[in-house]
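Shown next, in structure tokens, is the structure this report addresses.
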Amino acid sequence: METGPTSHSYTSQRLKLHYDDWGNPDAPPLLLLHGGRDHSRNWDWTARALRKDWHIIAPDWRGHGDSQWSADGEYKMLTYIYDLAQLIHQQRLAPVTIVAHSMGGNIATRYAGLFPDHIRKLVAIEGLGASPQMLAEREAVDFAERIRSWVERKRAASARTPRRYPTLEAALQRMMEENKHLSEEQARHLTIHGVNQNEDGTYSWKFDPYLNIWSESDITQTQIETLWSRITAPTLLMYGANSWASNPEKDGRLAHFNTARVSVYENAGHWLHHDQFDQFIAELRAFL
């Protein structure tokens, strides 16, 4: 009978961070990096399909899954890059292959530009962050106004407690409303691994509610594009045709990459690795 992953932890900036290890340590390492407000068990289908050929490790980012939350409620991209660097350093994974989704892709592409010799191959599923149009709209708002808004939203978040669902089924319904492309089986699996049961019997999502308010502190877009240009590993950028995310081949961002190509999935949204799993795994195997 095939077993699931074993749970492990590592330390980064005094936080205890969790990761799943799918075994096969003599195989080449493959990191699976989840997106924002998600968790490592999002990758279970992918891990089962690839575990015989790879040593798969799937971490929970700080503030997510079974990893600790940041004490100050701040989640900065540079901190996430450090967490990734610490996992790769402590487990001696370099050079490593990375498959990353959404926020995980944003972190992984930056890391790959900072440490290009640490990456063998890179797959980023809708992982380049905000589109040029979204960035332009943001920059059109006065900087001081943005900071004042951030202060107000952080203050409001501090007054809120994590939402409680009376039953697991209620949390499942919320998951299916948020991700309409998911089958009920997929949504149930993601919900079971994505919630904790509270002492009163209700259920709450594992992620830190402060993740809803992104830090205003980040490197510039020009610096991010410079990091993209320094990636030397073969890179595959995957996008869903029905997603809100902007295709980098059409919006100009692909021009900052030297070794990347874009693959678009029809009838798929932001979670294309769930929406078109068979197509995704076939292309992933071929690329890796």
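Taken together, the values in this text are just the output of simple stated rules run on the coordinates, not laboratory data. Note that this is a predicted model, so its numbers are computed, not measured. Don't worry about glycine lacking a Cβ; one is built from the backbone with ideal geometry, like all the others, and counts go over all protein chains shown.
Among the trypsin sites (Lys or Arg not before Pro) found in the range 37-133, those both in a DSSP coil and sparsely packed, with 15 or fewer other Cβ atoms within 10 Å of their Cβ, are Lys52, Lys76, Arg92.
Sites listed here are chymotrypsin sites (Phe, Trp or Tyr not before Pro) in the range 233-285 whose DSSP assignment is loop and whose Cβ has at most 10 other Cβ atoms within 10 Å: Trp244. Remark on the range 19-87: hydrodynamic radius 12.7 angstrom, per the Kirkwood mean of 1/r across alpha carbon pairs. In vacuo Debye scattering of the range 206-270, one point per C-alpha: log10 I(q)/I(0) at q = 0.19 Å⁻¹? With no solvent term, the Cα-only Debye profile gives -0.92. The convex hull drawn around the Cα atoms of the range 140-213, when projected onto a plane and averaged over every direction, covers 6.5 nm². Only one residue of Ala286, Pro209, Leu50 has its Cα farthest out toward the positive end of the dipole of the chain, where Lys and Arg carry +1 and Asp and Glu -1 on Cβ, and that residue is Pro209. Please work out the FRET efficiency for the pair Glu185 and Asp53, using the Cβ-Cβ distance as r and a Förster radius of 25 Å; give the result to the nearest 0.05. Working from the Cβ atoms, E equals 0.50. Going by amide H atoms built from the backbone, whose H comes under 5 Å of the H on Ser67, apart from near neighbours? Here the answer is His18, since their amide H atoms fall under 5 Å of that of Ser67.
Across all Cα pairs in the range 1-160, the calculated P(r) in 5 Å bins from zero up to the longest distance comes to 2, 8, 16, 20, 19, 14, 9, 6, 4, 2, 0, 0 percent per bin. When the listed pairs Lys52/Lys206; Lys16/Lys154; Lys121/Lys250; Lys16/Lys180; Lys154/Lys180 are checked against a 27 Å cut-off, the alpha-carbon distance exceeds it for Lys52/Lys206; Lys16/Lys180; Lys154/Lys180. Can you say what percent of the DSSP beta bridges in the range 1-103, counting only those with both residues inside, are antiparallel? Round to 5. If I count the DSSP bridges inside the range 1-103, around 60 percent turn out antiparallel.
The relative contact order of the range 13-88 comes to 37 percent, based on Cα pairs under 8 Å that sit 6 or more residues apart.
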